[in-house]
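See below for the structure under consideration.
The values are calculated or read from the model by the stated rules, or taken from the named source; none is laboratory data. Remember, predicted model here, so these are calculated numbers, not experimental data. Heads up, the Cβs are rebuilt from the backbone with ideal geometry, glycines too, and the neighbour counts pull from every protein chain shown. The accessibility values were calculated without ligands, DNA or RNA, using every heavy atom of the protein model including side chains. Shrake-Rupley method; radii C 1.70, N 1.55, O 1.52, S 1.80 Å.
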Amino acid sequence: MSRTSMIECPKCLSKGRVASSRRVTPGLRELYCQCMNLNCAEVFVLHLSLSHYPKRTGGKPNPELQPELCSDDNQVDMFDE
């Protein structure tokens with residue numbers, strides 16, 4: 001089953017869907033959307049932009065507190081640089 005991105009129609013506040021998108025810059029995409037409410041059926045464009053990168057804590061997960069993050073031996077360790 002495929003997952004569909006759902007957003008809110010700015011006109012009627014019903015559910016809308018992203019029909020397609022276009023890369024404008026590395027940090028900006030235009031999302032071409034349509035309202036799922038057949039009585040509205042508005043088509044609109046949203047901009048999705050990169051806001052920021054979260055700051056890394058620099059520490060590895062504690063296996064006693066978060067065993068699910070440390071259970072896979074083949075997992076890539078992003079904390080080793």
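Brief remarks on what is shown
- Near pairs, Cβ below 7 angstrom, 6+ apart or cross-chain, from region 52-81 (open to solvent by less than 90 Å² (accessible area, probe 1.4 Å) and modelled with pLDDT under 75) to any residue that is part of a helix (DSSP H, G or I) and not aromatic (Phe, Trp, Tyr): Pro61/Leu69
- Hey, Glu42 more than 19 Å from the chain's Cα centre (by Cα) and modelled with pLDDT under 95 or not: no
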